[in-house]
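K.L.:
Following this message is one structure expressed as structure tokens.
The values are calculated or read from the model by the stated rules, or taken from the named source; none is laboratory data. Bear in mind that the values here come from a model prediction, so they are computed numbers and not experimental data. All Cβ positions, glycine included, derive from the backbone under ideal geometry; neighbour counts span all protein chains shown.
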Amino acid sequence: MRVADNLIQIQQQINEACIKGNRNPDDVKLIAVTKYVSIERAQEALEAGVNHLGENRDEGLLAKWEVIKDKPSWHFIGSLQKRKVKNIINKVEYIHSLDRLSLAEEINKRAKQKIKCLVQVNISGEESKHGLTSEEAIVFIESLRPYENISVEGLMTMAPFTEEEHIIRDCFRKLRELRDQVQALHLPFAPCTELSMGMSNDFQIAIEEGATMVRIGTALVGEEG
């Protein structure tokens, strides 16, 4: 199916979720996750009107960057190894997976401009997921004050992969509440307005609970071998 057709359907679902959540659809950024598809398919997403592309590995991002350059806003959404920072740092607008000081130090050192970062929080507590606990997150964010090239734009999480909607909703609600706690601190380096949560299987619930960024791969661009 064409990306343009998928986009129409997803945009309709975003609008419906915004109505249910009393939200403005303009406040939700749609990130096309292109990690499993070709450069051509990523370009098709851009031509269809998607402005944000997300990759979770430096190799995939760099391969697409060589062709697409800075036409979209690039988001690095995967776990980022310190040694890989230099490869992607000045090509991305957002990093969604800041979760430790050693990574913050490397980002700050390598960045030529302020990088918009989201702190990854493991709300569900699953061992298979990266990220800080809710208890650790605020202390960690406050420790980022000295890093002049990092702006904490928000928080990111992944919900458990389950059919039980109340579990997914609870995860997203807790991240929103944590975001509100950070905002209440009025930290100049951490406006923390963004909530990156929701993927192909649960983005409508995420939007109802306050997501400002949804990361959609399969439902939008599909999967290629």
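K.L.:
Considering LEU98, LEU118, LEU61, which residue is more than 19 Å from ALA211 (Cβ to Cβ) and either at pLDDT below 95 or under 16 Å from the mean Cα position of the chain (by Cα) (or both)? Before you say what the answer is, go through the steps one by one.
P.N.:
Numbers: LEU98 fails: more than 19 Å from ALA211 (Cβ to Cβ); LEU118 fails: more than 19 Å from ALA211 (Cβ to Cβ).
One residue alone meets the criteria, LEU61.
K.L.:
Follow-up question, since we're still on this one. If a residue counts only when it is surrounded by fewer than 20 Cβ atoms within 10 Å (Cβ to Cβ) and at pLDDT 95 or above, which helices (runs of 4 or more DSSP H) contained entirely in the stretch 158-225 have at least 3 such residues?
P.N.:
Numbers: elements: 165-184, 203-208, 218-221.
It comes to 165-184.
K.L.:
Moving on to the next point. Which pairs do you get when a residue that is within 17 Å of ASN201 (Cβ to Cβ), found in the stretch 1-13, comes within reach of a residue that is of a type outside the set (A, V, I, L, M) and surrounded by 13 or more Cβ atoms within 10 Å (Cβ to Cβ), reach meaning Cβ atoms under 7 angstrom, with the pair 6+ apart or on two chains?
P.N.:
Every condition considered, the pairs that remain are GLN13/GLN204.
K.L.:
Is it true that GLU164 is farther than 21 Å from VAL28 by Cα and without any contact (Cβ under 8 Å) to a residue 24 or more places away in the chain? Write out each step before concluding.
P.N.:
Values: farther than 21 Å from VAL28 by Cα: yes; without any contact (Cβ under 8 Å) to a residue 24 or more places away in the chain: yes.
Against the criterion (farther than 21 Å from VAL28 by Cα and without any contact (Cβ under 8 Å) to a residue 24 or more places away in the chain), GLU164 qualifies.
K.L.:
Does ILE95 satisfy the condition of being closer than 21 Å to HIS130 by Cα and surrounded by fewer than 23 Cβ atoms within 10 Å (Cβ to Cβ)?
P.N.:
Details: closer than 21 Å to HIS130 by Cα: yes; surrounded by fewer than 23 Cβ atoms within 10 Å (Cβ to Cβ): no.
No: the conditions fail for ILE95.
K.L.:
If you don't mind, another one. Which residue pairs have Cβ atoms under 8 Å apart, sit 6 or more places apart or on different chains, and have a first residue in the stretch 197-225 that is free of Cβ contacts under 8 Å to residues at least 24 places away in the same chain and a second that is assigned to a loop (DSSP other than H, G, I, E, B)?
P.N.:
Once the first residue is free of Cβ contacts under 8 Å to residues at least 24 places away in the same chain and sits in the stretch 197-225, its partners that are assigned to a loop (DSSP other than H, G, I, E, B) give SER200/GLY217.
K.L.:
List every residue pair whose Cβ atoms sit under 9 Å apart, with the two residues 6 or more apart in sequence or on different chains, where the first one lies in the stretch 109-130 and is surrounded by fewer than 13 Cβ atoms within 10 Å (Cβ to Cβ) and the second, anywhere, is of a type in the set (Val, Ile, Thr) and in a loop (DSSP other than H, G, I, E, B).
P.N.:
Correct list of pairs: LYS112/ILE89; GLY125/THR133.
K.L.:
Here's a follow-up. Do we find a residue being at pLDDT below 95 and not aliphatic (A, V, I, L, M) anywhere in the stretch 135-143? Please lay out each step first, then the result.
P.N.:
From the stretch 135-143, those at pLDDT below 95 are 135; that's our starting set.
After this cut, where a residue has to be not aliphatic (A, V, I, L, M) as well, the list is 135.
Scanning the stretch 135-143 turns up at least one residue that is at pLDDT below 95 and not aliphatic (A, V, I, L, M).
K.L.:
Looking only at residues that are within 11 Å of ALA211 (Cα to Cα) and among the small types (Gly, Ala, Ser) in the stretch 1-35, which one is surrounded by the fewest Cβ atoms within 10 Å (Cβ to Cβ)?
P.N.:
GLY21
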